[in-house]
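The structure appears right after this line, and notes come after that.
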Amino acid sequence: MNMLLNTINKRRLYNRTVREISSLPVDVALDLGIYKGDAHALAARAVYGE
């Protein structure tokens, strides 16, 4: 049961991270060196370590 809750929480954090990266204003994303099209890859790396 604990593993299931951990998986759900990680997915929730992944989705939130993708939303936050995708909603960054373009100028802020560029200042941070982030290409918004990489939101899924960045979120996966941040949450899952991939």
Probe radius 1.4 Å, ligands and nucleic acids ignored: give me the carbon and sulfur share of the accessible area of the chain as a rounded percent. 58
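Show that you can apply the helix-only estimate: for the chain, add -39,500 (n - 2.57) for every DSSP H stretch of four or more residues, divide by all residues, and state [θ] at 222 nm to the nearest 500.
Taking each H run of at least 4 residues, the total per residue is -23000 deg cm²/dmol.
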Report, in degrees rounded to the nearest 10, the 0 to 90 angle that the Cα long axis of helix 2-22 makes with the longest principal axis of the chain. 10
Read-out Cα Rg over 2.2 N^0.38 Å, candidates [x] 1.52; [y] 1.44; [z] 1.28; calculated match is [z]
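Tell me, what is the per residue accessible area of the chain in Å², probe radius 1.4 Å?
Working: 4000 Å² over 50 residues.
On a per-residue basis, the chain sits at 80 Å².
The values are calculated or read from the model by the stated rules, or taken from the named source; none is laboratory data. Keep in mind it's a predicted model, so treat the numbers as computed, not measured. Areas reflect the complete protein model, heavy atoms only, side chains present, ligands, DNA and RNA absent. Shrake-Rupley method; radii C 1.70, N 1.55, O 1.52, S 1.80 Å.
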